[in-house]
1. ³J(HN,Hα) across the range 53-58 via Karplus (A = 6.51, B = -1.76, C = 1.60, θ = phi - 60°), whole Hz, x for Gly/Pro?
2. Grab the Cα-Cα distance for Leu20 and Lys61, subtract it from 0.36 nm times how many residues apart they are, and report the gain in nm with one decimal.
3. Tally Lys/Arg at +1 and Asp/Glu at -1 over every other residue whose Cβ is under 14 Å from the Cβ of Ser35; what's the total?
4. Which of the trypsin sites (Lys or Arg not before Pro) found in the range 7-67 are in a DSSP loop and have at most 13 neighbouring Cβ atoms, other than their own, within 10 Å?
5. Spelling out what I want: for every residue of the range 7-14, take phi, set θ = phi - 60°, compute 6.51 cos²θ - 1.76 cosθ + 1.60 (Karplus), and round to whole Hz; glycine and proline get x.
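Derivation of every value follows stated rules applied to the coordinates shown; laboratory data play no part. Please read all numbers here as calculations on a predicted model, not as lab measurements. Heads up, the Cβs are rebuilt from the backbone with ideal geometry, glycines too, and the neighbour counts pull from every protein chain shown.
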Amino acid sequence: MFHMPSGMQLVVIMVVILLLFGGKKIPELAKGLGSGIKNFKKAISDDDTELQADTKTVQTKNEERKI
């Protein structure tokens, strides 16, 4: 089972990340991660918008058939 790491475990993880990537590389990694998350959320939002538009089109066509 997964559980949230405690405070000391987080400190150890941060130190390991700092040692692996160095102080200058971490902001670049964070920027890339933030950009990736932003693009992912935008893609999900675009898909939802497209799905709603398609649903509306189908509903309109169904209403036209009834008339």
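1. Values per residue, Gly and Pro as x: 5, 5, 4, 5, 5, 5 Hz.
2. Full-extension gain reported as 9.0 nm.
3. For residues surrounding Ser35, the net value is +3.
4. Here the trypsin sites (Lys or Arg not before Pro) that fit, given the DSSP loop and packing criteria, are Lys24.
5. For the range 7-14, the Karplus-derived couplings read x, 5, 5, 5, 4, 4, 4, 5 Hz, x marking Gly and Pro.
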